[in-house]
1. With everything on Cα atoms, drop me the angle between helix 2-11 and the longest principal axis of the chain, reported from 0 to 90° to the nearest 10.
2. Can you pull out the trypsin sites (Lys or Arg not before Pro) in segment 1-53 that DSSP calls coil and that have at most 16 other Cβ atoms within 10 Å?
3. What angle do you read, to the nearest 10 degrees and between 0 and 90, between the alpha-carbon axis of helix 107-127 and the longest principal axis of the chain?
4. Taking the alpha-carbon distance from residue 100 and a cut-off under 16 Å, which aspartates and glutamates remain once sequence neighbours fewer than 8 residues away in the same chain are dropped?
5. Could you give the angle, 0 to 90 degrees to the nearest 10, between helix 19-31's Cα long axis and the longest principal axis of the Cα atoms of the chain?
6. Give the relative contact order (percent, whole number) for segment 2-104; include only Cα pairs under 8 Å separated by 6+ residues.
7. Less than 17 Å apart at the alpha-carbon level, and either on another chain or at least 8 residues along: which lysines does that give for residue 125?
8. Per-residue counts of other Cβ atoms within 10 Å, averaged by peptide: what ranking do you get for 6-12, 93-99, 78-84, highest first?
Amino acid sequence: MQVAEACVEVGLEGTGLTVRMRAVLEILRTYGSQSVPEIAARLEIKRQYVQLMVNETLTCGFTEQRPNPRHMRSPLLALTDRGHDLIDDIIAKELALMQKIGAGFSDEEVSTALEVILAVTEKLKEMAGEKA
C-alpha cells in the first residue's frame, strides 16, 4: 500500500494536490456532489479526518460547497471546473500507467488478483473489528 501511495504522490507533483485531496476529488468525480459524511462512508474513514481533507480542497479552489436539500447543516461538496479538469487529467494519466504496467497480465490474472486483494481486505477489516 505504501508503494502504491508513493507512486500516486509522484504523479501528483506539480498539481497542488495531496494524496488525500485526490481521494476527495475522485469520490466527487465518481458519485457527484456529496456531503462530508457521505465521502467519509465511501472512503471508510472518520468524518473528522475527511473534513480536514475537504477543507484543503476548498482552500485550493478544487471544490465548492452547495446547499444540501436533505440536511441544512451538512452542505454538499462539488467539484469546481478547475477541480474536475484536474482530476480528469490525473485519472487519465494513471489509467495510461496502469495499462502499461498491466500489459503482460491476462484478464484472468487481473481478475484473480482483484479477488485476492478484496478477500484479504475483508479479512483485515474483520480482524480490526470493523463491519464489512
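Values in this text are rule-based calculations from the coordinates and carry no lab data. What you are looking at is a predicted structure, and each value in this text was computed from that prediction instead of being measured. Virtual Cβ from ideal backbone geometry, glycine too; neighbours counted across all protein chains shown.
1. 60 degrees
2. Sparse-neighbourhood loop trypsin sites (Lys or Arg not before Pro): 46.
3. That works out to roughly 60 degrees.
4. Counting by Cα, and skipping residues close in sequence, residue 100 has these aspartates and glutamates nearby: 109.
5. Helix 19-31 sits at roughly 80 degrees to that axis.
6. 27 percent
7. Correct list for residue 125: 46.
8. Result, highest mean first: 78-84, 6-12, 93-99.
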